[in-house]
Amino acid sequence: MNRTPTLVLVTKASCHLCEDARDVVSAVAAELGLSWHEISLDGDAELTARYGEEIPVVLVDGVQRDFWHIDPVRLRSILSSATAAESQSASNETVLGVAQPRPTVG
């Protein structure tokens, strides 16, 4: 079972770096066939306290992975690794879930 990584871009209004980040996230997500969503810290005290000085911020599975100038190569690598790790985990579960024959004792 494949689970795609959760990709979130945290932004705020009137942020030129956010516009650039939106373009990068959109392009990389489209290339990898992933969806993403954007949240604004405007009006949210908790998000502002956490990310206010680092906007824009990219979160992958809830973990901050990049901020300010979003690097498309790094983002692609992180998302590819997250997808591969999830695929490998699912593959291991299938293999481990199969009953192995017991050796016969002499």
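Let me have the relative contact order for segment 7-74, percent, based on Cα pairs under 8 Å that are six or more residues apart.
Result for segment 7-74 is 43 percent.
Pick out, in residue order, every one of the GluC sites (Glu not before Pro) in segment 1-72 that is DSSP loop and has at most 16 other C-beta atoms within 10 Å; say none if there are none.
E53, E54
Give me a comma-separated list of calculated 3J(HN,Hα) values for segment 49-65, in order, Karplus coefficients 6.51, -1.76, 1.60 applied at θ = phi - 60°, integers in Hz, x for any Gly or Pro.
Couplings: 5, 7, 10, x, 8, 10, 5, x, 10, 9, 10, 10, 6, x, 9, 5, 10 Hz.
Based on the alpha carbon coordinates of segment 7-74, what radius of gyration and maximum Cα-Cα distance (Dmax) apply, in Å?
That works out to 11.2, 34 Å for Rg and Dmax.
Bear in mind these aren't lab numbers, they're just calculated from the coordinates by the rules spelled out. A quick note: this is a predicted structure, and the numbers were derived from the prediction, not measured. We place every Cβ from the backbone using ideal geometry, glycine too, and count neighbours over all the protein chains shown.
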